[in-house]
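See below for the structure under consideration.
Please treat every number below as a calculation from the coordinates, not as lab data. These numbers come from a predicted model, not from an experiment. Heads up, the Cβs are rebuilt from the backbone with ideal geometry, glycines too, and the neighbour counts pull from every protein chain shown.
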Amino acid sequence: MSGRHGFRRVLVANRGEIAARVIRTCRRLGIETVLAVSDADAGSVPARLADKVAAIGPPPAAASYLDVGAVVGAAAAAGADAVHPGYGFLSENARLARACAAAGIVFIGPTPETLEASGDKLAAREHAAAAGLPVLPGGHVGGVAPKRESIGAVGHTATDDLDRAGAGGTGGVSGADEAGQARAAELAARIGFPVLVKAAGGGGGRGLRVVRDPGELSHAVAVASAEAEAAFGDGRVYLERYVSPARHVEVQLLGDGQRVVHLGTRDCSVQRRYQKLIEEAPAPLLGDGLRGRLHDAAVALGEHLRYRGAGTVEFLVDPEREEFYFLEVNARIQVEHPVTEAITGLDLVEEQIAIAEGRPLRVRQEDVAFAGHAIECRINAEDPRRGFLPSPGTITGAVFPVGAGVRVDTHVQAGATVPPHYDSLLAKVIGHGADRGEALATLRGALDRCAVDGVATNLDMHRGLLADAEFGKGGVDTGYLERFLESAAYVQDDHGRS
Amino acid sequence: MDLTNDDVAEILALLDSLPYDELDLQTPRFRLTLRRTPGGWTEESQTLTEPVTAAPAPASGGPAAAAPTAPHPAAPDVPDQEGLVAVPAPLPGTFYRAPRPGAAPFVEVGDEVREDTVVAIVETMKLMNSVHAGTPGRVARICLENAEPVGQSTTLMWIEPA
């Protein structure tokens, strides 16, 4: 492991705020950056920040940021030692990791095997259960008949209730066939309603359906399967118990393939349609016992996977029962990583790079110290008063707060374009304080000093959330945001969005 | 901007002790404006450096493969074309004729539509927005190919009113 030189040049295969953020750390470390850009991003702020840019294709992501050949080709042509994939796009794509390896380029992320194990949610569930983590009662319903569909797996007595042959899948597997429907009905009856129908290859809330009434099950399975097939090319679905109210709590991990440490919890319960809007670290109002069990569970799964790189284990926490269940592994840097950086003082991108350079972990668990509390708001180009209608366009003015305890990660400035082809994240505003109250006060003041003109934003909604008494108390559940939007009289229609 | 957050913090620490409320700093590479407000300092920054292109990317498909990238311009302000009514894009984005790849198109030329018939999808920022006919009648013309980029209010198709 020793004697290896650090990277000289890294290709950043992403866009937006995370591209700008990765470039900044590379610059601080003396690493040259080449940014892969689609034609829509050729003049973006990250393109101006990077040492060089390499065009990888037309604006649609499928023809540029999702094109493995174009990304690896650009990295090779630029003479890059490594590729940083950011989040989203190809960040958890095992094919990219393998193609990089084949081209002699380091993929800054987990091994292809880990990416496959975590990217397939059925496989991830199986690994979690094998590592002793509690998984929700549930099982596979699509296509190939599992050998067992036990509904054990309550609390810490997790059992391996999924069949790998099913998870491996064969052509044309779908939850919509008759045998699948019969299995779904039987399984749901054993789990108990309401149940959640989930896509094995899913993400971003697509292919997810809550079913409260047994009569709706077959339709929900068929729709979720079709949606998953269209979105991910994989129609396999599975059922899990639907826990509500619940909180979304995750644990940040770093691993070097041998050793794994955790960097504490984050709470991401403020969500709309499974899209996170506010995150904080540490997760508030968890008993020390529960918090410790979450840390231990995440580390156990990381060790089981011989995890290498930065990653996150997501859990559903049942606040009333003080129980938690494994949800999924995100095998990449996450949007909300700055709140963890604020309370640990670590630069997670720097650690990702050090691990990818082949160095052993530079922090021991006992060295990880937590200081204070941090909260992040995602400022999106969308209009909460018009059903969260997306708002691409040209930024005419961008004023952000600066000062002690405030961090802003952004890719917009006056004159910048917000193209319609990508997600709507404009900036992340993070407030850090000695405790949650101080972090909240800092963040409230910070948002009051934000002004983004030229596109609609959700800034006002965030100001309302930070002033809301229930959020102020801490520990809200995943149903909180919808309740807040209703009480604050935000229009909730969809403007015909399908 | 090439200044790090730490750089800005140090500049702020200097400014805080001085009687100034604004600092405007411009170099060929960046412009930074710091302002003192009642709630604290704000920052407005502009990175002015032009992007530097690395060695040209390997040609993947030649000019024939080049996809159209400029969105179609908004329709000229002509209220009708021989009595036809335009169906405009509700947002800039990508025009899709079918609910998913491989599926049958929502409508074909000659199809009858009601006011609320879904005739297309425009994908904007990863969200699918249904486009309704808006006028009862018959589809007279479809102006774009599937998956073409569209600007705000680009005419997607024309309806012959019933």
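Principal axis extents of the Cα atoms in the range A:384-498, from largest to smallest and rounded to whole angstrom, are 38, 33, 19. Most simply put, the protein assembly as shown has about 85% antiparallel DSSP beta bridges, counting only bridges with both residues inside it. Neighbours of A:Leu290 by Cβ distance under 13 Å: Lys/Arg scored +1, Asp/Glu scored -1, total -3. Near A:Ile353: Cβ cut-off under 10 Å, other residues only, Lys/Arg at +1 and Asp/Glu at -1. The net charge is -3. Mean projected area of the convex hull spanned by the Cα atoms of the range A:182-336, taken over all viewing directions: 9.7 nm². Averaging the sequence gap over all C-alpha pairs within less than 8 Å and six or more residues apart, then dividing by the number of residues, gives chain A a relative contact order of 13 percent.
The range A:367-429 and the range A:249-274 have their alpha-carbon centroids 21 Å apart. Neighbours of A:Ala75, meaning other residues whose beta-carbon lies under 11 angstrom from its beta-carbon, give a summed charge of 0 when Lys and Arg score +1 and Asp and Glu score -1.
Pair-distance distribution P(r) for the protein assembly as shown, from all Cα-Cα distances in 10 Å bins starting at 0: 3, 15, 24, 28, 20, 8, 2, 0 percent. Neighbour counts of other Cβ atoms within 10 Å put A:Glu350, A:Glu328 in the fewest-to-most order A:Glu350, A:Glu328.
For the residues B:Ile121, B:Ile142, what sequence is obtained by ranking on other C-beta atoms within 10 Å, fewest first?
On the way: B:Ile121 22, B:Ile142 19.
Arranged by neighbour count, lowest to highest, B:Ile121, B:Ile142 become B:Ile142, B:Ile121.
Give the order of A:Arg24, A:Arg125 when sorted by the count of other beta carbons within 10 angstrom, beginning with the fewest.
Working: A:Arg24 20, A:Arg125 29.
Final ranking by Cβ density, sparse to dense: A:Arg24, A:Arg125.
Converting the Cα gyration tensor eigenvalues of the range A:359-437 into ellipsoid dimensions via √(5λ) gives semi-axes, longest first, of 32, 16, 14 Å.
Among the listed pairs A:Lys276/B:Lys126; A:Lys198/A:Lys276; A:Lys52/B:Lys126; A:Lys52/A:Lys276, a Cα-Cα separation exceeding 25 Å is found for A:Lys52/B:Lys126; A:Lys52/A:Lys276.
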